[in-house]
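The values are calculated or read from the model by the stated rules, or taken from the named source; none is laboratory data. Treat the numbers as computed from the prediction; the structure is a model and nothing was measured. Here the Cβ is made from the backbone with ideal geometry for all residues, glycine too, and neighbour counts use every protein chain on show. Areas reflect the complete protein model, heavy atoms only, side chains present, ligands, DNA and RNA absent. Shrake-Rupley method; radii C 1.70, N 1.55, O 1.52, S 1.80 Å.
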Amino acid sequence: MLAFGSTFAEAQVVSRPCLKKFGQREWTILVKDLDVQKKKQLLDDPEQRRTQADGIRQLLALACEAESLGITKEKLVALELTNIRSETIAVDYDRRFKKGADYVPFSRISDAQIAAFYSNPAKVAESEIFVNVKVETVQASNPDMAGRVITDDEKKEAKTLFAKIKISEKAAAVLGEPFRSAAELKVRMQQAQYLARLASESLANEISVSNAEVAEYIAEHPELDTSVKKVTAEKLLARAKAGEDFAKLADEFTQDPGNDREGKKNGGLYADVPVGVMVPSFEKAALALEPGQISPGLVESDFGYHVIKLEKKTADGQKYDVRHILIATTVKDPENPGGREVPATVWVRSKLETERDEALLDRIVFENQIVVEDYKPVTAAAAPPKRVVKKRLK
């Protein structure tokens with residue numbers, strides 16, 4: 001087992017986050033840190049325990065898969081795994097001194113201790129690595145952060161945090177059991193969460209579904225065929241173009257739930273719509289019309305077939321009023337009858353990706369031979385019945 005006071009290099013060589021077995025000992029450590037309500041729910045509900053076990057099994061399998069894929073050998077990942085180890089141990093140790101809900105993490109560490117820590121030039125160099133790794137890790141997981149340069153204040157704050165983490169981690173090194181085993185498990189679980197995310201990102205292409213595959217699935221399932229609905233929409237388009245009152249047609253036939261607002265029909269009208277709000281195919285068709293004009297043909301979107309009439313648009317072209325009649329092609333997930341209807345293409349893509357994701361997880365769990373035991377809560381033994389002592393009559 002890795003000693004808590006190990007250096008960066010030692011941690012990279014010795015630490016192996018892939019955990020193959022999760023037994024009663026691990027369950028006991030996990031449950032101990034739960035709040036009273038969550039602990040009670042877990043103890044009282046076997047189904048919740050099974051669900052929790054499945055989640056742990058998949059998490060550990062993905063972490064082991066990340067190791068198999070060589071992800072743990074990448075320099076940035078290896079350094080972040082080391083950081084996770086230090087942070088987890090430091091936080092776990094610091095919590096031993098937590099008093100009250102307003103406790104500030106690492107508040108026991110003084111400025112003088114931080115100054116003494118950085119009197120060693122090697123610690124300054126390590127803090128630079130820590131900051132760089134954190135920045136690169138965030139940027140790698142969040143494209144919006146790419147290229148962002150951290151400020152001097154942010155760098156100073158990060159270096160202060162690093163010093164507190166390392167000081168707390170060093171203090172934890174003198175503790176024995178049960179702290180050591182519990183902290184080690186928490187380290188492995190935190191590292192597993194990080195690696196599971198990286199593995200999922202690496203395997204994303206294996207579960208992605210193409211537009212062609214979605215179209216093929218729909219073609220093979222007649223219940224998703226929209227040809228009859230298209231004929232209905234075409235008839236309504238013809239009636240509107242023949243001069244029938246568009247608002248009345250919308251109130252009678254549209255399947256847009258937004259047309260019924262607190263029990264009052266709206267004639268299919270959307271007023272003062274800012275450019276960029278509606279789905280692209282709808283908005284492009286609407287803005288191509290002149291005020292009072294009806295779309296020459298049906299406009300198709302993921303939500304169905306639209307008959308569109310532009311009422312007006314502002315001089316700068318940034319807002320417009322539009323009416324439409326929708327014949328919906330959305331579907332309801334048969335396994336979630338209480339859910340909202342969604343576009344057929346969206347439902348099919350979600351269904352296929354979920355099936356691939358489940359199959360992939362099953363394969364990864366099997367190949368990595370992950371074992372998670374069923375949690376068997378320890379129940380207090382029943383107290384022996386009290387012995388009744390009969391008083392003798394005098």
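Tabulated data
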quantity: A125 vs. criteria more than 23 Å from V91 (Cβ to Cβ) and open to solvent by less than 60 Å² (accessible area, probe 1.4 Å); calculated: yes
quantity: Conditions (1) assigned to a helix (DSSP H, G or I); (2) open to solvent by 60 Å² or more (accessible area, probe 1.4 Å); (3) at pLDDT 90 or above; (4) of a type outside the set (D, E); number of the one not met by V346; calculated: (3)
quantity: Unique residue being part of a helix (DSSP H, G or I) and touching a residue at least 40 places away in the same chain (Cβ under 8 Å) when the list is Q139, Q190; calculated: Q190
quantity: Lone qualifier among E244, E234 - being part of a loop (DSSP other than H, G, I, E, B), open to solvent by 30 Å² or more (accessible area, probe 1.4 Å) and modelled with pLDDT of 95 or more; calculated: E244
quantity: Spans of strands (runs of 3 or more DSSP E) in the range 263-334 with at least 1 residues without any contact (Cβ under 8 Å) to a residue 40 or more places away in the chain; calculated: 299-301, 304-313
quantity: Test: residue in the range 261-270 that is surrounded by fewer than 16 Cβ atoms within 10 Å (Cβ to Cβ) and polar (S, T, N, Q); calculated: no
quantity: Residue selected from the range 30-56 under the condition of a type in the set (K, R) and surrounded by fewer than 17 Cβ atoms within 10 Å (Cβ to Cβ), by the criterion nearest to E358 (Cα to Cα); calculated: R50
quantity: Meets criteria (surrounded by 14 or more Cβ atoms within 10 Å (Cβ to Cβ) and at pLDDT below 95) for S301; calculated: yes
quantity: Within the range 202-226, considering residues that are assigned to a loop (DSSP other than H, G, I, E, B), in contact (Cβ under 8 Å) with a residue 60 or more places away in the chain and open to solvent by less than 50 Å² (accessible area, probe 1.4 Å), the one nearest to T330 (Cα to Cα); calculated: T226
